[in-house]
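I'd like to ask some things about the structure below.
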Amino acid sequence: MDSKGEPTTADIRTVIAASAAGTAFEWYDFYIYGTLAPLFGKLFFPGSSPAAGFLLALATFGVGFAVRPLGAAVFGTFGDRFGRKVTFLVTIMLMGFATTAIGLLGTYAQWGIAAPILLVLLRALQGMAVGGEYGGAVIYVAEHAPPGKRGFYTGWIQIGATTGFSLSLLVVLMTSSLMGEAAWEAWGWRIPFIGSLVLLAVSVWMRLKLSESPVFTAMQQAGELARQPLREAFSTPKRVRLLFAAMLGGAMGQGIVGYTGLIQLLNFLQVSVHVDPVLTRVLLIGVLVALALGNVMAGWLSDKVGRKPVVLAGYAMFLLVLFPMFNLIAEQANPAMARAARDHPVVVSGADCSFNPFAQHGQASACGKLLDTLTRIGVPYTKVSAPEGSAPVVTIGGQPTDPAALALALKAAGYTLDPVTPPAGNLVVIVLAMLAICIPGVLTYGPMGAWLSEMFPARTRYSSLAISYNFGLGFFAGFMPFVVQAIVATTGSVMAGFWYPFALVVLSALVALFALPETTGKRMTENTAE
C-alpha cells in the first residue's frame, strides 16, 4: 500500500497473479470431469445403451452447475459479511477436497449404485465451491483496480476458466497417452483428480499472501457492512429486475457462448464426427492457448468503448458463425462421413419409432432399437412415420437394408464408424473454424467480470454478482451439453441441438441491449440501489 492506503502497482500485480492462478486451478478441478464425460459414462453409468450412459454423465456434469446458485447464496452472503479473501480461500479448499475424492471413488463395477450416487454428491460439492469462487476472485481484483483499467485487470481473471480447461485437457492427454488405453480406463483416469492436491496447495499458499479488498476494508471500518446481504440484494423491485437482467443478458449468454467453444466443441469433434480423441484435445488446447490473452484484450477494449458494445459484438458473432462453422468442421473433419450422409442418407420408418435417450435396458420397440444403434455409433438419420402395424425399415441411399447387417451396410456406403484423423490440409480449415467459434466467448467473457462487478452496490456486490452469474450459468449453460446431445440423440441430426444455444443467445442479446446499463468508469464504493 502507498502512503494514502491505496494499493500500489506491485500490490495489484500480486493480487492479479494470485487470484488468476487460483481461479485457473479451481476451474481445472471443475472441468476435469467434463473432459472425461464419455469415459465416465462407461465407468459410472453402465447399461445397454452407451448413448444413455454418455447423457447421464453429461447430466452429472450439469449437476455441478445446478447447485452453483446455492453456493452463490451461501458464499456470497459470507463474502459480503466477512470478506472477499477468506471466502475464496474456503471455496478453493472445498473444491480441492471434492476433486480428490472423485479420484478415489470406486466405479459402478466396484461399488455398485453407491458409485454414481457419490459421484453426483461430489459434483454438487464442486458446484457449491465454484459458485462462490468466481464472484470472490473477480470482485477482489475489481475492487483493487483503478476505474480506467478495471476491464483490463479483471480480464486476467477471465483467463482462469480457459486456462483451467486447457490444463485439464493437457493432463488428460499426457497421462492417457503415456499409460495406454487399458491402464487409463482401469485406473489412470484417477491421476488428474488426485494430482489436483498439488494445485490446491499452491493455490492456498498464494492466496494466503493476499490482504483484504480495500473497498471491503473501508466499509468494515465505517460500519457499513450489510447484515443480511442476500435479503438486501432482493429488497427493491429495481434490484430484482437488475439481478434477472444480469442473469439472462450477461451470465446466461456468456456461459452459452463460452461452453459452446469448450465442452460442446469437444463433444462434437469426438462423438458426432468421430475425430480421434487425442487429436481433438491437441487442437482444442492449441486454440485456447492462442486465444488466452484475448480475454485481457477484450477487457481492455471494454475500458475504452464500454462493456456492453464488446459483449453484444460477441453475441452477434456467435449467432453468425454457429451453424456455418460447425457444418464446416463436420465436412472437413470427417469428409467420408459427410459425403456418405449427403449421398446415402439413412432413413428409418416404422409404426412405433419412439426413442428414449435415457433407456438403460434397451428401447421398447423394434424401431427404437434401430434408432438406438444408429445413435450409439454416431450415424445421422431421418425418421419418418409409417402405417400402424408396419415393421421398421432402414434404407441407406434409398436401398432397404437388413437391420442385422446394418453396420456392414453403413461401412459399404462410406460411413466411417471408427475414430478418424482428418487430412493435413483440412486441419488448417478446422482450426480456423474452431477459432471462429471460440472468439465470441473471448469477447463476451473478457469484459464480463468488470461489467457485473460494477452493476451492483458494494454492500451486496458479492451476493448479487454470485447469484445472478451462477443462476445464469447453472440452469442454462451448465446443462447445455446435455440438452444439445439429447436433441441430437432424439432427432438423429448432429446439428439440430445447436438451435438450443442459438435461441438462448438471441434472448441474452435482447436483454443485454434493452435492460442492462453501461457501467464503465463507475466508482466501486457506490452503495446506491441501481
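The values are calculated or read from the model by the stated rules, or taken from the named source; none is laboratory data. Here the structure is a predicted model, which means the values were calculated and not measured. Cβ sites come from the backbone with ideal geometry, for glycine too, and all protein chains shown count toward neighbours.
Looking for whichever is farther than 26 Å from N295 by Cβ, at pLDDT 80 or above, in contact with a helix residue (DSSP H, G or I) (Cβ under 6 Å, 6 or more places away or on another chain) and not basic (K, R) here; the options are T91, T60, T107, T87. Which one fits?
T107
Yes or no, residue by residue, for (1) under 30 Å from the mean Cα position of the chain (by Cα); (2) assigned by TED's automatic domain parsing to the domain that holds R281; (3) in contact (Cβ under 8 Å) with a residue 24 or more places away in the chain:
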{"residue": "S349", "(1), (2), (3)": "no, no, yes"}
{"residue": "L371", "(1), (2), (3)": "yes, no, yes"}
{"residue": "I377", "(1), (2), (3)": "yes, no, yes"}
{"residue": "E388", "(1), (2), (3)": "no, no, yes"}
{"residue": "A391", "(1), (2), (3)": "no, no, yes"}
{"residue": "T395", "(1), (2), (3)": "no, no, yes"}
{"residue": "P403", "(1), (2), (3)": "no, no, yes"}
{"residue": "V428", "(1), (2), (3)": "yes, yes, no"}
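A further question on this structure: Among A404, A391, which is the only one that is loosely packed, with under 13 Cβ neighbours inside 10 Å and in contact with a helix residue (DSSP H, G or I) (Cβ under 8 Å, 6 or more places away or on another chain)?
On inspection, the qualifying residue turns out to be A391.
Can you give me the number of residues within the stretch 390-424 that are charged (D, E, K, R) and under 24 Å from L279 (Cβ atoms)?
2
Let me ask something else about it. Look at the stretch 165-196 and say how many of its residues are touching a Ser or Thr at 6+ places or on another chain (Cβ under 7 Å), at pLDDT 85 or above and among the aliphatic types (A, V, I, L, M).
2
In the stretch 37-56, what residues are modelled with pLDDT of 65 or more and either farther than 20 Å from S272 by Cα or buried (at least 22 other Cβ atoms within 10 Å of the Cβ) (or both)?
Once the filter is applied, which keeps residues that are modelled with pLDDT of 65 or more and either farther than 20 Å from S272 by Cα or buried (at least 22 other Cβ atoms within 10 Å of the Cβ) (or both), the stretch 37-56 yields A37, F40, G41, L43, F44, F45, P46, L56.
If you don't mind, there's one more thing I want to ask. Restricting the search to the stretch 415-426, which residues are closer than 13 Å to V379 by Cβ and either surrounded by fewer than 18 Cβ atoms within 10 Å (Cβ to Cβ) or among the aliphatic types (A, V, I, L, M) (or both)?
Listed by number, the residues that qualify are L417, D418.
Which of the following residues is farther than 21 Å from M495 by Cα and not small (G, A, S): P345, P400, P324?
Within the list P345, P400, P324, the selection yields P400.
Working carefully through the options S508, S464, find the one that is within 27 Å of K85 (Cα to Cα) and under 24 Å from the mean Cα position of the chain (by Cα).
Step by step, each of S508, S464 is checked, and only S464 is within 27 Å of K85 (Cα to Cα) and under 24 Å from the mean Cα position of the chain (by Cα).
If you don't mind, another one. Is it true that some residue in the stretch 223-233 is modelled with pLDDT of 85 or more and among the hydrophobic types (A, V, I, L, M, F, W, C)?
No, that holds for no residue.
May I ask you to say which residue of A183, A115 is touching a residue at least 24 places away in the same chain (Cβ under 8 Å) and farther than 25 Å from A72 by Cα?
A115
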